[in-house]
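Heads up: the structure comes next, in structure tokens.
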Amino acid sequence: LQGFFDEKVLAGKQVLLTAGPTFEPIDAVRGITNISSGKMGYALARACRDAGAEVTLVSGPTALAAPVNVRLLPVQTASEMYQAVLSEVGRSDVFISVAAVADYRVKNRSEHKLKKGDAVPAIELEENPDILATVAGLPAAPFCVGFAAESQNLLDFAEQKRKRKKVPLLVANLAQQAMGADHNEVVLLDDSGQHPLPALPKDEVGRAIVAHLARSLNR
Ligand code: CTP
Ligand code: CA
């Protein structure tokens, strides 16, 4: 636990995070989503708060309790998450993109519940905006931290993602072992190379990421 005498390494910083999945409606009662409990993002939000930051958490639907002393902005779709992030990012020093954002939304969503017996529906998809790449590309971008959950070729895919999205710090983990779990084993990737962390409870992973982030901000 963060003790009373611990140094507040993010004192005076405004941190904006996304967490959880997004939910893209198909009709009034159904939708497409990503598997994400939100645990890693919420743990990171609490770690930033405990390190002295002012924290805003834009969250998709999760079953988690709102962290105390964190400003929580609940959203459902990727478009709502994008809008919320863009309206908050101007006052942020750091943006941490933990959310499992749905890459596509339903183009032909139905306002009313689709009924069995009608023709079998065809779901048309269109691409959602890339929130992290958009923020990282802003003229006055905050320091951006991305996540990559891969199911194979973890470090190669993650480093490609870091370069493509132009984020200074990326947290890589294997999707199969992180999803829903209380522990996570991650590798931090930045310009100085690869920094593997041991398997730890997500709260401790969050604090380790914050410690690395604070060192990066002070370089
Ligand atoms: N991300 C985002 N907006 C999106 C998609 C992803 O902000 N529309 C962010 C995630 O929060 C994460 C990072 O980008 O920090 C990587 O997400 P990921 O899904 O792994 O990358 P993609 O670029 O979508 O590539 P793919 O799903 O094909 O692996
Ligand atoms: Ca994706």
key: Point-to-point label distance, residue 217-residue 93, nm (Cα→Cβ direction, 7 Å offset)   = 0.4
request  = Enumerate the residues in the range 140-155 having an amide nitrogen under 18 Å from the point lying 7 Å beyond the Cα of residue 176 toward its Cβ.
outcome  = 148-155
ask   = What is the distance, in nm, between label points placed 7 Å from the Cα along the Cα-to-Cβ direction at residue 138 and at residue 163?
value = 2.7
note = Applied in sequence order to the range 80-90, the curve 6.51 cos²θ - 1.76 cosθ + 1.60 (Karplus, θ = phi - 60°) yields integer Hz couplings, x standing for Gly and Pro, of 5, 5, 4, 4, 4, 5, 5, 7, 9, 5, x
For the range 94-203, the spread of Cα positions along each principal axis, largest first, Å = 57, 36, 25
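For an R0 of 30 angstrom, estimate the FRET efficiency from the Cβ-Cβ distance between residue 69 and residue 195 and round to the nearest 0.05.
Once the sixth-power term is evaluated, E becomes 0.55.
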task = Select from the range 40-91 those trypsin sites (Lys or Arg not before Pro) which occupy a DSSP coil region and have at most 14 other Cβ atoms within 10 Å, ordered by residue number.
result = none
ask   = Which whole-Hz couplings ³J(HN,Hα) result when phi for each residue of the range 161-167 is put into the Karplus expression 6.51 cos²θ - 1.76 cosθ + 1.60, θ = phi - 60°, listed in order with x for Gly and Pro?
value = 5, 4, 5, 4, 8, 6, 9
key: Where labels lie 7 Å past Cα in the beta-carbon direction, separation of residue 119 and residue 86 in nm   = 3.4
request  = Note down the Stokes-Einstein diffusion coefficient of the chain in µm²/s, whole number, using a Kirkwood radius over alpha carbon pairs, 20 °C, and 1.002 mPa s.
outcome  = 119
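Here, each number is a calculation from the coordinates, and none is a lab measurement. Here the structure is a predicted model, which means the values were calculated and not measured. All Cβ positions, glycine included, derive from the backbone under ideal geometry; neighbour counts span all protein chains shown.
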